[in-house]
Structure formats: structure tokens, C-alpha cells
Amino acid sequence: MMRALILVAAAVLAGCATRPPSSVAEAPPKNIIVMISDGAGYAALRATRLWAGKPLAVEDPAFLHAPMAVTQLSTRNQPVPAPEGLAQDPELVFTPGRACDATPVPGETPALYGLNMRYPNGFQGYVWNRRTAPDSANTMSALMTGVRSYTNAINVDGTGAPLRTLAQAAAASGRAVGVVTTASISDATPAAGAGAHAPSRAMRAEIAAQMFGNGRAVVIAGAGNPDWTNDATPAARPTYAWIGRETWQALKAGLPVPPANVRWTLIEEAEPVRAMAAGAEPVPERLAVVAKAVEGTQQYRGGLGPSTDPPFATPLLAAQPALADMAVAALRRLEREPGGFFLVIEESNTDRASHANNLGRVIEARLAFEAAIERVVAHLGPRMAETLLVVTSDHDHLLTGPEGARVAFQPVEDRGAGVLPGHRWLGNGHSNLPVPLFVRGPGAKRLLAATDGGPVADGRAPVPPAACPVTGPVLDQAAVGRALLALVDAPRR
């Protein structure tokens, strides 16, 4: 069995290493922006479009589109030595036949995380997608390193060995590095995006110390504030779950953070971020925005649980900076560097709300993400010609139309603009369904060749209403990561 797994791994990696054809050769981008709407698959996009009553920002003709598979190496949650640690589990590899299998399956499956809920099994495709679902740590790490890994891994391979990241490559190429999120700063997606390394995403304090102390990033923005609750009220006592005591005290005092001994300007208020985004205030040399929330901005206000409330039923907190403002403030600092920049922007709340089976909050978060896309493009203006913009998700959630338990992969139902679409959640965990990838700018066609050895996507496919059925080429997340690294490493004229 072990020999078979090793042979499968070798075959998969050999296929992933297929070089893009010469027909997609392009000049490398000066700037690279990767925008992640965490957990937002095709169903979440459709629900947002229907509620808003208009096309999404990513449906602008300037973007090319293709679906992307999010296969992980293993469902283990810790590293093991080679060769087992590097072997691809063949049961996890995406194929349309597995993912979209419409064979009925009776019975129910329990909710995750100890919740007292159950969901219909529905169909074999649902069962497979739940069972093989990756997490944000290994999916974002695959995109940032070009290598698949196990559940919880932050930029390490299956043995726990550190991998070269896009943030490292960008800094080595003379590009400035930044990461912006609505999650806690040391959560999985921003941690991987900033180039941290950890065998487990649970090592949050250590990850935050790396992010602030290794001297790589010049902008880090998000939540994780030990001194505040998620409702922007002072905490009874500090919570150092996301940023450790020593790191936080250094940031607050303006002291150097080891080992690179870099000093940060800490901003906790929303208004200075808005002013920097508007150009009314200068952006400091090293900007740390740690909003007044411990787990994430906006999403947990007033609590978060299963709900059919419409978007914005609970008013937004004015004390929290908008994702778009944090993104543009980051750009105003990064664009000062003559060598260009690499920026990761994450809207985490699409994922948190999906775990809670709360479609209204999913739509809220995706609208904030759409606003950030529009602001980024507008701010860069003519400089978009030298900027590769990648807009995608790290993984999906199993969201269907209202009859999805008996109609396989039924799209969410249009009930008119401003009305919550008809829908049904078929789980409260992740899914292994492919996610949409939208790209524009120099290097876009290189990414559309990252199909794990299969045919090359042409980028003109319309955005489907649901992830299944799958037609046409499907990109591979790790192969897209390798293509991004190749673009960063490519000589610039």
C-alpha cells in the first residue's frame, strides 16, 4: 500500500510540474495581489449576485476565469517522516466523477465541532466532498508554496519541513510585502500569505511573532487584538490567543520585535485607516493595523450562529475598519517601493458565516470583498497594466438550493434582489468542490495553464451557477502556486 501511495505521489507531482506551453509566455508582473474570499465557492458568489441584483466585480470582462481544485496531500493534522509524509493520498484527488457523483445516499451526517445538528447525506458527491475537505491552512499554503500538505500545515510539507513561500520570493526579488485580513492576523490564511512557517496553525502566538519579527512584511492588518472583544468593547482581561503577550507589548510600546528587531506603528482605530486610504494621512514605514476585535472584524458582532436573517440585519460596527480601507492603505505604503509589491488581501468572514450556516452574513462579507476589489482596481488605475490580480477562494462550503437534499447540486434559488436566496446548507464544515479563480493582468495566462497536466483553460468560461457538473479544464491549486512563484522569480526587464 505504501509503495502504491508513493507511486501515486510521484505521478501527481510529475503532472503538476508540467511546464506552461510557450503560447502563454508573458512578461512577468511588477506587482502581484492575491485576494481570498475564504470559503466562498460558486454557490456563495451566486447568492451574493442574486441578492445584490447585479454582476459581481469579478465578472468584469477584464477578468479571465476557470475553476480550481483544492486537493490536499493528506487529512492528517500533523507531519510524519518521509516517505509516508510526502505521499499523496489518492482518495483525496479531485475528479469530477467523485465530486459530482449524484448517486443518492440515505441517512444523515452529524455536524462538526460538537454542534447538535444533523444534515442529510444526500448524494455520494456530498459525502465525498465532506470527507475529503481541506482546511484553510493547507489550501492557502498550497497557493503560497506550490506544494500540497496536510490539514493545519502552514507553509511546511508533509514532513514538517519549511517551504519557500511567495512572500519570501517576493521580498528576495525587491518587492515589498503586505497582508490584510478581516480575521485575526495569525489565522491560517494571513499566516500562510505572510510567509510564516508552522507545523500547526494552532501555534498562533508563535506565528504572530514570526510575522511581526522576521522583517519581511511592511504592512500587516487585521484583528487579533488582545484588549478588545468582537463587539469593539474593552475586554475584561487581555486575551493573548492570537498575538502573544511579548509581541503585543512590543507593538504597543513601539519597541523592536525580534529577531529582525523591526519597529511598527500600531493603529487600532478605524478612522486613521480611513484617512490613510483616502490619502489624507501618511502611511508609516511599517504599518500594523490591529482592529478592536479579537477574533475577526464585523462577523462576530452580536454573536454568530445559524440564521435566515437578511444581510445587515445587525448593524455594522463603525469602530472596525473596512477591508477596502485596509487594502488601499496597504497599497499606499507598498507602492512606494520601486521594485513593486506582493499583497495578500483576505475576507475571512465568508468562511466564518458559512460554518455558522448564516447566508446573510456570507453575503455581507462577500459584498465587502467586492468593494475591496473595486477599490483596489480604481486606486491602481493605469498601474493595473503592470499588476497581476488574482481573486479566488481557498476552499468551498456545501451550499445548495432549497431542495439540495434531493436535487443534486441544485443552485441557490433566485427570489429577487434584496431577498435572501432560497438555499440549504448540507454541512457546517468545508467541501472539496472546486472554487472559482479569476485573474487579470500580466501573467494571467500562465496561471490558466496550471491544470495539473491536463488541458489548458482559455479563461473565457462563464461563471457557472454551481460547482457541479464540471465541464472543461480544472486548475490545480498547488500548480497555480508554482506558476505564481515562477512569475515572481522571472527576470524583469
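Please count how many residues of the stretch 246-261 are within 23 Å of Ala188 (Cα to Cα) and either small (Gly, Ala, Ser) or touching a residue at least 24 places away in the same chain (Cβ under 8 Å) (or both). Full working, then the answer.
Of the residues in the stretch 246-261, the ones within 23 Å of Ala188 (Cα to Cα) are 246-251, 257-260.
From what's left, either small (Gly, Ala, Ser) or touching a residue at least 24 places away in the same chain (Cβ under 8 Å) (or both): 246-247, 250-251, 257-260.
Residues flagged as within 23 Å of Ala188 (Cα to Cα) and either small (Gly, Ala, Ser) or touching a residue at least 24 places away in the same chain (Cβ under 8 Å) (or both) within the stretch 246-261 amount to 8.
Determine if the stretch 110-117 includes at least one residue that is of a type in the set (A, V, I, L, M), in contact with a Lys or Arg (Cβ under 8 Å, 6 or more places away or on another chain), more than 30 Å from Ala194 (Cα to Cα) and part of a loop (DSSP other than H, G, I, E, B).
Restricting attention to the stretch 110-117, the residues satisfying the condition of being of a type in the set (A, V, I, L, M) are 111-112, 115, 117.
This time we only want the ones that are in contact with a Lys or Arg (Cβ under 8 Å, 6 or more places away or on another chain), so: 111.
Remaining after also requiring more than 30 Å from Ala194 (Cα to Cα): 111.
Among the residues that remain, those that are also part of a loop (DSSP other than H, G, I, E, B) are: 111.
So far as the stretch 110-117 goes, yes, one or more of its residues are of a type in the set (A, V, I, L, M), in contact with a Lys or Arg (Cβ under 8 Å, 6 or more places away or on another chain), more than 30 Å from Ala194 (Cα to Cα) and part of a loop (DSSP other than H, G, I, E, B).
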* Scan the stretch 162-196 for residues that are surrounded by fewer than 24 Cβ atoms within 10 Å (Cβ to Cβ), of a type in the set (Gly, Ala, Ser) and touching a residue at least 40 places away in the same chain (Cβ under 8 Å) and report the count. => 5
* Within the stretch 24-37, is there a residue that is touching a residue at least 60 places away in the same chain (Cβ under 8 Å), of a type in the set (Gly, Ala, Ser), touching a Pro at 6+ places or on another chain (Cβ under 8 Å) and crowded, with 23+ Cβ neighbours inside 10 Å? -> no
* Asked: What is the number of the single condition among (1) without any contact (Cβ under 8 Å) to a residue 40 or more places away in the chain; (2) surrounded by 20 or more Cβ atoms within 10 Å (Cβ to Cβ) that Val407 does not meet?
  -> (2)
* Asked: If you check every pair at least six apart or on different chains, which have Cβ atoms under 6 Å apart with a residue in the stretch 77-102 that is polar (S, T, N, Q) first and a residue that is assigned to a loop (DSSP other than H, G, I, E, B) second?
  -> Asn77/Thr151; Asn77/Asn152; Gln88/Leu73
* Asked: So which of Ala241, Ala293 is of a type outside the set (Asp, Glu), part of a loop (DSSP other than H, G, I, E, B), in contact with a Ser or Thr (Cβ under 9 Å, 6 or more places away or on another chain) and surrounded by fewer than 21 Cβ atoms within 10 Å (Cβ to Cβ)?
  -> Ala241
* Asked: Restricting attention to the stretch 319-330, does a residue exist that is surrounded by fewer than 24 Cβ atoms within 10 Å (Cβ to Cβ), assigned to a loop (DSSP other than H, G, I, E, B), modelled with pLDDT under 95 and not hydroxyl-bearing (Ser, Thr, Tyr)?
  -> yes
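One line per residue, one yes/no per condition, for (1) within 23 Å of Leu92 (Cβ to Cβ); (2) more than 21 Å from the chain's Cα centre (by Cα):
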| position | (1), (2) |
| --- | --- |
| Gly146 | yes, no |
| Ala153 | yes, no |
| Gly160 | yes, yes |
| Val179 | no, no |
| Ala202 | yes, no |
| Ile207 | no, no |
| Asn214 | no, yes |
| Val219 | no, no |
* Structure fact -> Among residues of the stretch 366-411 being assigned to a loop (DSSP other than H, G, I, E, B) and charged (D, E, K, R), the residue farthest from the chain's Cα centre (by Cα) is Arg406
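Confirm whether Leu92 is crowded, with 24+ Cβ neighbours inside 10 Å, in contact with a strand residue (DSSP E or B) (Cβ under 8 Å, 6 or more places away or on another chain) and of a type outside the set (Ser, Thr, Tyr). Let's see the steps before the verdict.
On the way: crowded, with 24+ Cβ neighbours inside 10 Å: no; in contact with a strand residue (DSSP E or B) (Cβ under 8 Å, 6 or more places away or on another chain): yes; of a type outside the set (Ser, Thr, Tyr): yes.
When the stated conditions are applied, Leu92 does not pass them.
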* Would a scan of the stretch 271-288 turn up a residue that is within 25 Å of Ala356 (Cα to Cα), in contact (Cβ under 8 Å) with a residue 60 or more places away in the chain and in contact with a helix residue (DSSP H, G or I) (Cβ under 6 Å, 6 or more places away or on another chain)? -> no
* Looking only at the stretch 331-347, which residues are closer than 12 Å to Ile32 by Cα and part of a strand (DSSP E or B)? -> Phe341, Phe342, Leu343, Val344, Ile345
* Would you confirm whether any residue within the stretch 428-440 is in contact with a Lys or Arg (Cβ under 9 Å, 6 or more places away or on another chain), in a helix (DSSP H, G or I) and under 29 Å from Pro473 (Cβ atoms)? => no
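Do we find a residue being farther than 21 Å from Arg352 by Cα and under 25 Å from the mean Cα position of the chain (by Cα) anywhere in the stretch 232-244? Working first, answer last.
Going through the stretch 232-244, the residues farther than 21 Å from Arg352 by Cα turn out to be 234-238, 244.
Narrowing the set further to residues that are under 25 Å from the mean Cα position of the chain (by Cα) leaves 244.
Among the residues of the stretch 232-244, at least one is farther than 21 Å from Arg352 by Cα and under 25 Å from the mean Cα position of the chain (by Cα), which makes the answer yes.
Can we say Arg76 is among the basic types (Lys, Arg) and closer than 26 Å to Leu359 by Cα?
On the way: among the basic types (Lys, Arg): yes; closer than 26 Å to Leu359 by Cα: no.
For Arg76, the condition - among the basic types (Lys, Arg) and closer than 26 Å to Leu359 by Cα - is not met.
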* When you look at Asn357, is it at pLDDT 95 or above, at positive phi and buried (at least 24 other Cβ atoms within 10 Å of the Cβ), yes or no? -> yes
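From the list Thr18, Thr71, Thr48, which one is at pLDDT 95 or above, closer than 16 Å to Val147 by Cα and hydroxyl-bearing (Ser, Thr, Tyr)?
Details: Thr18 fails: at pLDDT 95 or above; Thr48 fails: closer than 16 Å to Val147 by Cα.
None of the others qualify; the one that does is Thr71.
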* Could you check how many residues of the stretch 58-82 are more than 17 Å from the chain's Cα centre (by Cα) and not in a strand (DSSP E or B)? => 14
* Could you list, in sequence order, the residues of the stretch 129-154 that are buried (at least 23 other Cβ atoms within 10 Å of the Cβ), in a helix (DSSP H, G or I) and not hydroxyl-bearing (Ser, Thr, Tyr)? -> Asn129, Ala137, Asn138, Met140, Ala142, Leu143, Met144
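Does at least one position in the stretch 199-212 carry a residue that is surrounded by fewer than 24 Cβ atoms within 10 Å (Cβ to Cβ) and either closer than 30 Å to Asp452 by Cα or at pLDDT below 95 (or both)? First the steps, then the outcome.
Within the stretch 199-212, the first condition is being surrounded by fewer than 24 Cβ atoms within 10 Å (Cβ to Cβ), and the residues that meet it are 199-200, 202-206, 209-210.
If we keep only those that are either closer than 30 Å to Asp452 by Cα or at pLDDT below 95 (or both) too, we end up with 199-200.
Looking for residues that are surrounded by fewer than 24 Cβ atoms within 10 Å (Cβ to Cβ) and either closer than 30 Å to Asp452 by Cα or at pLDDT below 95 (or both), one finds at least one in the stretch 199-212, hence yes.
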* Asked: Do you know which of the residues in the stretch 446-463 that are touching a strand residue (DSSP E or B) at 6+ places or on another chain (Cβ under 8 Å) and crowded, with 20+ Cβ neighbours inside 10 Å is farthest from Gly122 (Cα to Cα)?
  -> Leu447
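The values are calculated or read from the model by the stated rules, or taken from the named source; none is laboratory data. What you see is a predicted model, and the numbers here were worked out from it, not measured in a lab. All Cβ positions, glycine included, derive from the backbone under ideal geometry; neighbour counts span all protein chains shown.
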